[in-house]
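Notes follow once the structure below has been shown.
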C-alpha cells in the first residue's frame with residue numbers, strides 16, 4: 001500500500017468538502033490527513049488529502065473527483081515534486097525529573113515551547129510527518145497529555161501552480 005498526497009482546487013462553496021470526503025468513503029480510502037483553506041482568491045479553496053491505497057484505485061478516485069462539478073483542478077504531490085510540512089502541538093506533563101530530557105529532545109527536533117505552567121508545557125513542532133511520528137515515538141517514554149496535528153500542507157516545487165490547470 002502506498003501513501004498519496006493529492007491537492008484539489010475547488011470552488012469555495014458550501015458542502016464541497018462533504019462531497020469530496022464522501023467520494024473517498026465510497027472508494028474505501030481512509031484519509032490520514034486533510035487540510036482545507038481558502039486560497040489566494042476567495043473564489044477557490046484548496047484541499048490536500050493524504051491517504052493510503054493502491055495505484056489503480058487512486059487513479060479511479062482521481063477520475064471520479066474530476067467529475068464533481070465543484071472540482072477545478074487536481075495534482076498528485078510527492079516528496080520529489082513538492083514541499084510538504086505539518087504542524088504539531090504536544091502538551092507534556094511538567095515533571096521536574098523528566099523536564100531536562102524532554103527539552104533536550106525538543107531542541108534536537110527544533111521544537112519550540114509556546115506555553116508553560118507548573119503542571120504542563122506545550123511544544124510546537126513543524127516538519128514532515130516522519131519527523132512528527134519520530135518525535136511522538138520519543139515522547140512516549142514520558143507523559144503526553146495531548147497531541148494536536150494539522151494535516152499535511154503541500155505546494156508543488158518550481159513555478160507550476162494548481163490554478164494553472166483549472167478544469168472548468
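The values are calculated or read from the model by the stated rules, or taken from the named source; none is laboratory data. Computed from a predicted model, the values in this text were never measured in an experiment. We place every Cβ from the backbone using ideal geometry, glycine too, and count neighbours over all the protein chains shown.
At a glance:
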read-out	value
Matching strands (runs of 3 or more DSSP E) fully within the range 1-73 where at least 1 residues are under 15 Å from the mean Cα position of the chain (by Cα), free of Cβ contacts under 8 Å to residues at least 24 places away in the same chain and within 23 Å of residue 155 (Cβ to Cβ)	31-38
Breaking point among (1) modelled with pLDDT under 95; (2) surrounded by 11 or more Cβ atoms within 10 Å (Cβ to Cβ), for residue 98	(1)
Residues satisfying the stated conditions in the range 119-168, i.e. in a strand (DSSP E or B), crowded, with 17+ Cβ neighbours inside 10 Å, without any contact (Cβ under 8 Å) to a residue 60 or more places away in the chain and under 21 Å from the mean Cα position of the chain (by Cα)	122, 123, 125, 127
Close pairs (9 angstrom Cβ cut-off, 6 or more residues apart or separate chains): at positive phi in the range 82-98, buried (at least 16 other Cβ atoms within 10 Å of the Cβ) and outside any strand (DSSP E or B) anywhere	none
Test: residue in the range 73-82 that is within 18 Å of residue 27 (Cβ to Cβ) and buried (at least 16 other Cβ atoms within 10 Å of the Cβ)	yes
Selected residue (only one of 55, 76, 86 is more than 28 Å from residue 13 (Cβ to Cβ) and touching a strand residue (DSSP E or B) at 6+ places or on another chain (Cβ under 7 Å))	55
